[in-house]
Amino acid sequence: MRAQSVRNDSRNNLTCLESALYKGNVPRSQDIIAALKAQFEEDSSALEKIFDEQNELRKAYARFRALDDDAKRRTKRLRQTVALLSATRNWSAVKALGKLGIDTVVMGLPLWESMAEILRHTQEIQVVDLHMILRELKIETSRQAIESALETHAELFEIKRVGREKFVSLKGE
């Protein structure tokens, strides 16, 4: 019996020691609250700096977006222009496009896009003159095809009649 009592006393002592050591490693609640407050202060200060830096960069980012949109619009127009010029065997425009880092696959444009690109350079033009310019650019088409393109894309083209003459221009330009 004595041996069992000694074993129980030893276990009790070890359990008490383990319990005392465990309580020593547990942070007190006021320590946790202090750590949370410190974390809050650090995070709120860092977030304030982040917001300030974002506001400083916002104007530059808006400018970047505007330039990116303008570059996309001009790239599209350059491709259309090169497609028109390449029909006349003007390969210098294709080479210049390649130097800008823009792919130089030259494909024919749909008739209405060719017409719109030509009209960007004139205020208004007679349909017969538009037909002649298209022929000079080696775009073989008929008067009926031009008339059809004008009707199909009426949201883009404005047609005005003066007597028997028919003038065409781009809407809004």
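The values are calculated or read from the model by the stated rules, or taken from the named source; none is laboratory data. This structure is a prediction, so every number in the text was calculated from the model and none was measured.
Below is a table of values for the structure above.
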{"read-out": "Selection within the stretch 73-96 - at pLDDT 65 or above and of a type in the set (A, V, I, L, M, F, W, C)", "value": "Leu78, Val82, Ala83, Leu84, Leu85, Ala87, Ala93, Ala96"}
{"read-out": "Residue within the stretch 45-52 that is modelled with pLDDT under 90 and in a helix (DSSP H, G or I) present", "value": "no"}
